[in-house]
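Rule-based calculations on the coordinates, nothing more; no lab input. The structure presented is a predicted model; accordingly, all values stated were derived computationally and were not measured. Here Cβ is always computed from backbone atoms with ideal geometry, including for glycine, and neighbour counts include all displayed protein chains.
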Ligand code: HEC
């Protein structure tokens with residue numbers, strides 16, 4: 001191993017933590033279904049990390065290092081709007097013993113994530129979906145990625161260790177840009193290729209690319225040739241000669257923020273009254289299908305959230321979620337479109353199944369298991385898998401009964 005010095009700018013990584021013999025150098029999400037924790041030294045006692053299987057990573061805009069998932073009762077009041085958790089389904093280590101690899105449910109929000117390592121004492125780990133994805137290959141025809149990693153920005157706070165020998169390093173991020181001409185200059189001793197939005201350029205030592213920003217985000221991909229010497233400096237600057245703001249470098253696959261639509265007032269006669277006992281029958285009926293996907297007070301399916309906590313919600317909120325399932329999507333149940341290599345397209349809630357598989361739960365509450373290696377693309381969708389038109393199918397009186405059942409204990 002040798003170290004590549006990606007110079008320029010010094011930043012502090014927030015997720016550096018120390019414990020007796022585990023020192024965390026970096027933590028990041030290496031794709032929607034994987035979190036990684038990199039240590040300064042190989043970990044001797046790897047067995048303790050198995051305790052992470054089945055535990056959860058918390059996420060939310062106000063999540064910080066040290067936060068952990070707390071088991072809650074089904075009828076406890078709901079957490080804040082953008083808070084949720086994802087399950088760790090499997091753990092393993094990289095061959096050199098320095099990177100812990102966690103197979104997780106999808107990282108469906110561009111927000112902050114936190115959990116604790118089950119070490120003694122426990123080590124806090126937190127990460128966001130900011131940063132730059134790295135891949136390394138030996139170049140030539142059909143280059144094969146032999147190593148992948150992450151750094152906190154195009155001007156990273158620490159050196160990056162790459163495999164030895166000559167090769168190519170590709171650095172990829174999604175830049176948040178002002179809506180006008182954007183310029184990037186990359187300097188390095190060897191050959192370099194830069195692509196920014198739809199523009200790209202190749203050269204030696206120094207390459208500048210400028211592009212018109214149509215949207216507020218643009219892909220930036222930089223590939224540099226490395227001749228195998230240690231400590232190669234690479235500097236990345238904007239048109240003003242400044243380093244790029246780390247807060248504006250997002251992992252390319254990070255899901256965009258979900259659209260928010262203003263809550264429309266609901267006519268009182270649509271939600272008032274209702275018969276709780278009849279509502280329970282509607283909930284379990286073949287016409288409404290609610291029970292196929294939702295639990296209430298212990299009974300029902302698990303495709304959607306447990307609705308026992310709706311006793312803390314107002315009736316208009318419940319009505320809106322029934323009539324417009326996609327207007328606000330529960331952060332733990334973000335729907336995905338899964339493109340499979342054989343051409344199939346699945347839509348549904350995605351859950352990790354062990355290390356190598358996912359389960360996709362669809363609008364019929366049916367589960368399909370897919371090997372991760374068969375996934376072509378995993379894209380968050382803005383359409384809830386909860387069917388629309390359920391309220392129309394059961395009629396206004398049944399909707400009132402259903403709301404009475406859901407909002408009272
Ligand atoms: C095919 C499965 C499915 C069926 C059938 C279904 N839902 Fe849902 N429902 C979901 C999923 C998944 C979510 C979470 C995603 C979202 O917020 O849209 C959800 C969300 C909700 C929410 C919002 C909960 C929250 O805490 O954010 C309510 C309320 C709800 N459903 C009620 C019902 C009722 C009542 C019925 C029957 C008339 C029903 N659902 C039928 C899957 C389903």
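Figures for the structure shown
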{"quantity": "Least to most buried among 91, 224 (fewest other Cβ within 10 Å first)", "calculated": "91, 224"}
{"quantity": "q = 0.17, 0.31 Å⁻¹: log10 I(q)/I(0) that the Debye formula gives for region 305-350, counting C-alpha atoms only", "calculated": "-0.62, -1.17"}
{"quantity": "For region 132-250, alpha-carbon Rg over 2.2 N^0.38 Å", "calculated": "1.02"}
{"quantity": "Rg(Cα)/(2.2 N^0.38 Å) for region 12-127, N = residue count", "calculated": "1.04"}
{"quantity": "Mean separation of Cα contacts under 8 Å, 6 or more apart, over the residue count of region 95-229: relative contact order %", "calculated": "20"}
{"quantity": "Rg followed by Dmax, in Å, when region 253-409 is reduced to its Cα trace", "calculated": "16.9, 52"}
{"quantity": "GNM flexibility winner over the chain from 33, 378, 339 (Cα, springs under 10 Å)", "calculated": "339"}
{"quantity": "Highest-MSF residue in the chain out of 274, 140, 304 [GNM, Cα springs under 10 Å]", "calculated": "140"}
{"quantity": "GNM result for the chain, Cα springs below 10 Å: residue of 327, 277, 27 fluctuating most strongly", "calculated": "277"}
{"quantity": "The chain: relative contact order as a whole-number percent, Cα under 8 Å and 6+ apart", "calculated": "16"}
{"quantity": "With Cα atoms, 0 to 90° folded angle of helix 396-407 axis to the chain main axis", "calculated": "70"}
{"quantity": "Computed over region 12-127: relative contact order in percent, which uses C-alpha pairs under 8 Å that are six or more apart", "calculated": "35"}
{"quantity": "20 Å-binned pair-distance histogram of the chain (Cα, whole percent)", "calculated": "24, 50, 23, 3"}
{"quantity": "P(r) histogram, all alpha-carbon pairs of region 335-380 included - 10 Å bins from 0, percent", "calculated": "31, 62, 7"}
{"quantity": "Helical contribution to [θ] at 222 nm, DSSP H n ≥ 4, -39,500 (n - 2.57), averaged over the chain, rounded to 500", "calculated": "-2500 deg cm²/dmol"}
